[in-house]
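Notes follow the structure.
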Amino acid sequence: MRSYAIRLLGAALLCLWLTTPVNADDAQPLYNQALALIQTHQYPEAATALTSAVTIFPRFAEAHHLLGVVYFNGLNNPQSAQTHLQKAIDLHPNFARAMLDLGLVYQHEKSYPQAEAVLNRALTVYPNYSDAHLALALLYDQTDDVERAISAYEKVLALVPEEQQAALNLATLLDREGDRERARTLLHQLTSINGTHIDAWLALARLEEKENLAEPAINAYAHALRVDNDSLDAHYALGYLHQAQGTKEKATQHFREVIRLDATHAEAHLNLGVLLANQDQLDEAEKEYEVALSLNPSLIEAHYNLGVFYEFYRKDPDRALSQYQRYLDGGGTDERVRSLLRKATR
């Protein structure tokens, strides 16, 4: 949900091109060479070229900036990245792009006060800098400063209405804060802008599910599967929703898909067992219950359902009582089961 990677090519294309004096001519080819190397992910070679450029011309702010980006993204060296990004800012105090990138490095390193300060400085230089507003929103989001995060995301969307990350994150916060109608509106707008945004479809589906709106939730999860038929979350949710609605065949299909995607998903095996038992596929149902418990022995719902299975489907009271006892031992509270075990021990 949050991204701190500096866009390497974007750094070159979006930075404020600075006028360099004639005596920087020898450094410029090295800078251009570094740009070409970055495009083929040759980061050590790019760093070497840029280091040579700033050695030839120490006041080459753009080269310091790009070197900072390379150190951060390509070489995983945030300390050197900070040094060169700060040098670029020192050389050119209005270099808003370098301020943004330095803020992202600080944010990645969890140096939140420093990140906030440099991002606000970028916005002082360039008040409508939507990327800086977004970075600040992500910072407030990460530090759970909800009110300021919401405000910052709103500023981003006022500047760039189609900014998808801001829309999704703002909708998530509004949903969490209970403003689900506004969150729903944002998610509908986002899925209209980008019908393949699976995270937006999943967020919309979960919102509808929390509101107990089964049909809209099913519809949104189905849209998510059209984007990615291997979405485990969508298949599991659809299995649960169809199971609750009594559409057993669809529920069975979705839980089978969950197991295809993740054979270790104990809850999917358990729910599939319940559905198969209800469809009189008893041998397969028993197998699914046993698999669920082998994957998660502490899954007390599996012990309960296996008890029900032995009691009502297999007509095997001893095995039923054994599973019910394990259910209670694990913290189960069903009064019918308690009563049944009390009678059995008299």
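For S151, the test of being closer than 22 Å to A27 by Cα, of a type outside the set (V, I, T) and surrounded by fewer than 20 Cβ atoms within 10 Å (Cβ to Cβ) is failed. For residues that are over 18 Å from A171 (Cβ atoms), without any contact (Cβ under 8 Å) to a residue 12 or more places away in the chain and among the aliphatic types (A, V, I, L, M), tally how many sit in the range 203-245. Residues flagged as over 18 Å from A171 (Cβ atoms), without any contact (Cβ under 8 Å) to a residue 12 or more places away in the chain and among the aliphatic types (A, V, I, L, M) within the range 203-245 amount to 0.
Of all residues in the range 260-274, those being surrounded by fewer than 18 Cβ atoms within 10 Å (Cβ to Cβ) and either touching a residue at least 24 places away in the same chain (Cβ under 8 Å) or assigned to a helix (DSSP H, G or I) (or both) number 4. Within the range 247-259, residues that are surrounded by 17 or more Cβ atoms within 10 Å (Cβ to Cβ) sit with their Cβ atoms under 6 Å from residues that are not in a helix (DSSP H, G or I), at 6+ positions apart or across chains, in these pairs: V258/H265. Of all the listed residues (E290, E301, E284), the sole one being under 38 Å from the mean Cα position of the chain (by Cα), of a type in the set (D, E) and under 29 Å from D228 (Cα atoms) is E284.
Quick check on my filter: what residues within the range 279-305 are within 19 Å of A251 (Cα to Cα) and either crowded, with 17+ Cβ neighbours inside 10 Å or touching a residue at least 40 places away in the same chain (Cβ under 8 Å) (or both)?
A285, E286, E288, Y289, V291, A292, E301, A302, N305
If you go through the range 232-256 and keep only what is over 18 Å from E208 (Cα atoms) and either in a loop (DSSP other than H, G, I, E, B) or of a type in the set (F, W, Y) (or both), you end up with G246, T247, F255.
If the condition is being exposed (fewer than 10 other Cβ atoms within 10 Å of the Cβ) and more than 17 Å from Y310 (Cβ to Cβ), then the range 323-346 contributes G331, T333, E335, R342, T345, R346. In the range 313-339, the residues that are in the same structural domain as Q279 (by TED's automatic domain parsing) form no Cβ pair under 7 Å with any partner that is surrounded by 13 or more Cβ atoms within 10 Å (Cβ to Cβ) and in a helix (DSSP H, G or I), whether six or more places apart or across chains.
In the range 157-214, how many residues are surrounded by fewer than 16 Cβ atoms within 10 Å (Cβ to Cβ) and among the basic types (K, R)? Total satisfying the criteria: 3.
Let me confirm something: among A115, A53, A96, which residue is buried (at least 20 other Cβ atoms within 10 Å of the Cβ), of a type in the set (A, V, I, L, M) and either out of contact with any helix residue (DSSP H, G or I) (no Cβ under 6 Å at 6 or more places or on another chain) or more than 17 Å from A137 (Cβ to Cβ) (or both)?
On the way: A115 fails: either out of contact with any helix residue (DSSP H, G or I) (no Cβ under 6 Å at 6 or more places or on another chain) or more than 17 Å from A137 (Cβ to Cβ) (or both); A96 fails: either out of contact with any helix residue (DSSP H, G or I) (no Cβ under 6 Å at 6 or more places or on another chain) or more than 17 Å from A137 (Cβ to Cβ) (or both).
None of the others qualify; the one that does is A53.
Scanning the range 20-67 for residues that are among the hydrophobic types (A, V, I, L, M, F, W, C) and under 18 Å from D90 (Cβ atoms) turns up A24, A27, L50, A53, V54, F57, F60, A61, A63, L66, L67.
The values are calculated or read from the model by the stated rules, or taken from the named source; none is laboratory data. Source: prediction; values computed, not measured. Ideal geometry is used to build each Cβ from the backbone, glycine not excepted, and the neighbour counts take in all protein chains shown.
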